[in-house]
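Here is the structure we will look at.
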């Protein structure tokens with residue numbers, strides 16, 4: 001009985017399973033998206049996410065540990081360069097599994113497995129779009145109508161002027177000008 005044993009052997013020997021997961025992880029890192037079965041994708045998720053977490057710390061030891069699993073220099077360079085830079089602030093969950101239906105030959109559940117930060121279509125949808133309303137603009141009070149209402153209130157208030165200042169200054173100016181004309 002296999003109670004409590006959570007590892008999926010995928011119908012392969014240990015050496016075959018390790019080689020397959022290593023190759024699939026290298027392909028996922030290089031191409032950012034692969035097509036596979038759901039069972040393999042779930043097993044690959046457990047295999048590759050700790051490696052991506054290890055790649056956040058760019059040290060000689062972490063490179064050696066990751067190389068032990070992947071055995072591919074090009075994918076190591078890609079992982080520690082571009083991928084580690086993109087996932088630096090992410091606390092986990094670096095992969096996404098999108099189910100695509102069943103395979104024609106054996107009816108196996110197929111999926112697309114991808115790195116989360118590399119799907120441009122979903123990243124564009126995540127950006128907030130401008131909100132659109134179907135209501136007429138004339139029915140809803142806007143900030144422009146509020147400004148117009150405030151202007152009407154200000155215009156309706158009587159203006160209080162200090163008549164002594166306004167009256168005395170122009171006369172002084174006028175008298176000064178008249179004196180200059182006389183001279």
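Tabulated data for the structure shown
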item	result
Ranking of 83, 38 by count of other Cβ atoms within 10 Å, fewest first	38, 83
Label-point separation, residue 64 to residue 135 (7 Å along Cα→Cβ), nm	6.7 nm
Value of D in µm² per second that Stokes-Einstein yields for segment 14-125, Kirkwood Rh from Cα pairs, at 20 °C (1.002 mPa s)	148 µm²/s
Ranked list, fewest to most other Cβ atoms within 10 Å of each Cβ, for 48, 66	66, 48
Quotient of C-alpha Rg and 2.2 N^0.38 Å, computed over segment 1-70	1.20
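Coordinate-derived values only; no laboratory data. No experiment lies behind these values; they were computed from the predicted model shown. Because the Cβ atoms are built from the backbone with ideal geometry, glycine has one as well, and the counts that use them run over all protein chains shown.
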